[in-house]
Number of protein chains: 2
Amino acid sequence: MIVCTTIDGIRSNIRWLRAERKIGELSPRIGFVPTMGFLHEGHASLIQKARAENEIVIVSIFINPKQFGPNEDINRYPRSPQEDQLLCEQLGVDALFTPSVEEMYGKSDIYTHVHVDLLGNFLCGKSRPGHFDGVCTVVSKLFHIITPDAAYFGQKDAQQLRIIEQMVHDLSMPIEIVSCPIVREADGLAKSSRNAYLSKEERALAPEIFNTMKWMKQQIILEENDVRQVRVEAIHRLEGYPGFKVDYVSIVDKKTLAPVDHIDHVSGTLLAVAVYVGNTRLIDNINIA
Amino acid sequence: MIVCTTIDGIRSNIRWLRAERKIGELSPRIGFVPTMGFLHEGHASLIQKARAENEIVIVSIFINPKQFGPNEDINRYPRSPQEDQLLCEQLGVDALFTPSVEEMYGKSDIYTHVHVDLLGNFLCGKSRPGHFDGVCTVVSKLFHIITPDAAYFGQKDAQQLRIIEQMVHDLSMPIEIVSCPIVREADGLAKSSRNAYLSKEERALAPEIFNTMKWMKQQIILEENDVRQVRVEAIHRLEGYPGFKVDYVSIVDKKTLAPVDHIDHVSGTLLAVAVYVGNTRLIDNINIA
């Protein structure tokens with residue numbers, strides 16, 4: 001596996017891989033999995049799908065300072081560079097791109113950012129201003145460096161996925177965005193690098209997020225109870241667990257991400273939740289229509 | 001010459017041109033000239049340079065509503081589609097891309113925009129809020145559609161050129177930006193589609209913009225007069241002509257576009273002017289250091 005820390009380095013290796021993996025006259029397909037490292041089974045599922053669908057697979061690991069807010073401690077973000085590299089190697093990744101902040105943004109900073117209107121106003125965008133501009137800017141930059149045919153994102157970050165799909169559509173980026181299902185622990189907790197922050201007691205209670213979501217879905221779909229009433233009860237239920245503080249429990253349109261009062265099987269409805277468990281902010285979501 | 005009005009159409013033609021123009025194992029280079037049409041010798045010089053430097057030359061004509069302000073009448077913008085097509089054909093352009101607004105931005109609109117900080121605060125950015133976001137967004141989109149190796153821009157729109165260079169750098173777009181010198185009429189007036197708006201009397205006086213800039217350069221470089229004083233005198237001189245109203249006369253750093261009080265031969269200094277001649281806003285610039 002090739003490991004590159006510079007933009008020029010990964011570019012020349014991709015040129016080389018493109019030439020080497022050519023199938024007759026056809027260009028080989030590049031599948032790309034952008035990550036912030038501390039890789040878990042969720043990332044592994046993205047890499048495996050990319051491996052199955054492309055001749056060349058590139059993974060990036062970059063903890064992007066632009067998507068952390070002033071009150072979010074980037075230095076606390078968990079890292080495991082050696083384990084990450086080993087996992088990529090085992091999964092048959094062709095090249096790993098691990099640039100420094102200076103390599104990506106220069107000695108001072110960059111002047112340019114990519115912004116997606118409206119979709120960032122709901123869910124995580126509310127409590128994390130600027131977060132999605134940071135995501136879009138770095139993803140846009142990574143796409144220009146790697147020039148993938150397809151890029152793989154997890155449905156756990158549902159809003160991020162939706163915003164990136166919109167950006168790619170609006171700016172006519174020649175890239176297919178592939179969305180991959182959430183990978184969960186045996187007890188239902190969605191896999192996340194942030195789970196590493198949880199104490200033993202917090203970890204034991206964290207599956208109640210998914211349990212509450214399943215309960216909500218049942219109340220809304222099977223019992224046909226009022227969406228707003230179920231939402232209020234769910235917040236009450238979640239905040240009953242010690243250390244739980246709800247950031248949001250939202251039932252939204254899958255396309256616009258705007259809150260809805262009724263589920264809609266045509267446009268699709270998403271149930272999305274963000275809860276502080278102690279100091280750790282966990283997110284999760286399920287389709288309910 | 002291929003003429004395409006759809007994104008899918010130009011993409012499949014570019015794939016075909018790429019395959020057809022291959023030089024052994026090497027990919028052919030694509031040179032791209034984005035325009036708003038009503039082509040003049042300034043555009044022709046860009047196309048000729050692109051033709052000389054690339055195996056494939058693509059020109060786009062798209063009057064981008066996003067870069068017109070609420071007080072700027074896009075419907076008044078001059079058009080000459082048949083003459084434009086003929087000129088492109090004569091200059092050996094391989095494909096002309098002329099999408100509709102709906103093809104570029106959909107039935108409603110797009111949610112995404114690309115913004116470059118700081119550089120848009122000076123010169124034209126001051127009197128045309130949102131203009132450069134519109135430029136960056138459409139150029140970014142066109143770059144993703146055409147996937148050129150090099151794109152050609154005129155130095156007449158000096159701020160636009162500088163902002164696009166910054167965007168390409170910041171977002172690591174794999175594109176070389178080629179800047180081409182201003183083409184002038186025999187009497188010194190910079191070629192511009194907007195010159196078509198001028199009445200006979202206004203056209204006769206319009207060269208005084210370039211004359212005043214040459215006078216300023218002489219005052220500053222040869223006579224070593226104070227930059228601020230020369231600027232004040234230049235504004236007075238320009239506004240002495242009937243129908244002239246100065247938007248700005250600015251002496252700025254070539255990199256940051258911020259106003260300077262002294263010329264600087266290391267970072268470079270640009271003299272840039274925007275003047276309303278009657279209702280027509282004309283811009284021009286020269287390097288003074």
Subject >> Selection count, the range A:1-12, where residues are assigned to a helix (DSSP H, G or I) and surrounded by 15 or more Cβ atoms within 10 Å (Cβ to Cβ) >> reply: 4
**OP:** Could you list all residues from the range A:143-169 that are free of Cβ contacts under 8 Å to residues at least 24 places away in the same chain and more than 11 Å from chain B (Cβ to nearest Cβ)?
**Re:** A:Leu161
Subject >> Residues of the range A:73-97 classified as under 22 Å from A:Ser108 (Cβ atoms) and of a type outside the set (A, V, I, L, M, F, W, C), total >> reply: 1
Original post:
Say we look at the range A:193-211 and pick out the residues that are open to solvent by 20 Å² or more (accessible area, probe 1.4 Å) and small (Gly, Ala, Ser); which of these is modelled with the lowest pLDDT?
Top reply: A:Ala196
Original post:
What number of residues in the range A:145-164 are surrounded by fewer than 20 Cβ atoms within 10 Å (Cβ to Cβ) and part of a helix (DSSP H, G or I)?
Top reply: 1
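Quick grid of which residues meet (1) among the aliphatic types (A, V, I, L, M); (2) assigned by TED's automatic domain parsing to the domain that holds A:Arg76; (3) over 20 Å from the mean Cα position of the chain (by Cα):
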position: A:Arg228; (1), (2), (3): no, no, yes
position: A:Ile235; (1), (2), (3): yes, no, yes
position: A:Lys245; (1), (2), (3): no, no, yes
position: A:Lys255; (1), (2), (3): no, no, no
**OP:** Sort out which residues of the range A:28-81 are over 18 Å from the mean Cα position of the chain (by Cα), open to solvent by 10 Å² or more (accessible area, probe 1.4 Å) and within 16 Å of A:Arg11 (Cα to Cα), and write them in order of number.
**Re:** A:Arg29
**OP:** Kindly establish whether B:Val178 is assigned to a helix (DSSP H, G or I) and either surrounded by fewer than 17 Cβ atoms within 10 Å (Cβ to Cβ) or touching a strand residue (DSSP E or B) at 6+ places or on another chain (Cβ under 6 Å) (or both).
**Re:** no
**OP:** Among residues belonging to the range B:126-142 that are facing chain A (nearest Cβ under 9 Å) and of a type in the set (A, V, I, L, M, F, W, C), point out the one that is farthest from the chain's Cα centre (by Cα).
**Re:** B:Leu142
Subject >> Any pair with Cβ under 6 angstrom, 6 or more apart, that starts in the range A:172-191 at a residue that is within 14 Å of chain B (Cβ to nearest Cβ) and ends at one that is open to solvent by 40 Å² or more (accessible area, probe 1.4 Å) >> reply: A:Ile177/A:Glu165
**OP:** Have a look at A:Thr112, A:Thr98 and point out the one that is more than 14 Å from every other protein chain (Cβ to nearest Cβ), among the hydroxyl-bearing types (Ser, Thr, Tyr), in contact with a strand residue (DSSP E or B) (Cβ under 6 Å, 6 or more places away or on another chain) and surrounded by 13 or more Cβ atoms within 10 Å (Cβ to Cβ).
**Re:** A:Thr98
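Please specify each residue of the range A:13-24 satisfying the condition of being open to solvent by less than 50 Å² (accessible area, probe 1.4 Å) and either at pLDDT below 95 or among the polar types (S, T, N, Q) (or both).
So in the range A:13-24, the residues open to solvent by less than 50 Å² (accessible area, probe 1.4 Å) come out as A:13-14, A:17.
Within the range A:13-24, A:Asn13 is the sole residue that qualifies.
Would you confirm, using the coordinates I've provided, whether A:Glu103 is charged (D, E, K, R), open to solvent by 50 Å² or more (accessible area, probe 1.4 Å) and in a helix (DSSP H, G or I)? Walk me through it before giving the result.
Numbers: charged (D, E, K, R): yes; open to solvent by 50 Å² or more (accessible area, probe 1.4 Å): yes; in a helix (DSSP H, G or I): yes.
Criteria met by A:Glu103.
Identify, from the list B:Leu119, B:Leu123, the residue that is farther than 18 Å from B:Leu39 by Cα, touching a Ser or Thr at 6+ places or on another chain (Cβ under 8 Å) and within 12 Å of another protein chain (Cβ to nearest Cβ).
Sole residue among the options that is farther than 18 Å from B:Leu39 by Cα, touching a Ser or Thr at 6+ places or on another chain (Cβ under 8 Å) and within 12 Å of another protein chain (Cβ to nearest Cβ): B:Leu119.
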Subject >> Residue list for the range B:238-259, restricted to those being within 16 Å of B:Gly120 (Cα to Cα), part of a loop (DSSP other than H, G, I, E, B) and open to solvent by 20 Å² or more (accessible area, probe 1.4 Å) >> reply: B:Lys254, B:Lys255, B:Thr256, B:Ala258
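The values are calculated or read from the model by the stated rules, or taken from the named source; none is laboratory data. Everything numeric here is computed off the predicted structure, so don't read it as measured data. Backbone-built Cβ (ideal geometry, glycine too); neighbour counts: all protein chains shown. Side chains included, ligands, DNA and RNA excluded: accessible areas come from the protein's heavy atoms. Shrake-Rupley method; radii C 1.70, N 1.55, O 1.52, S 1.80 Å.
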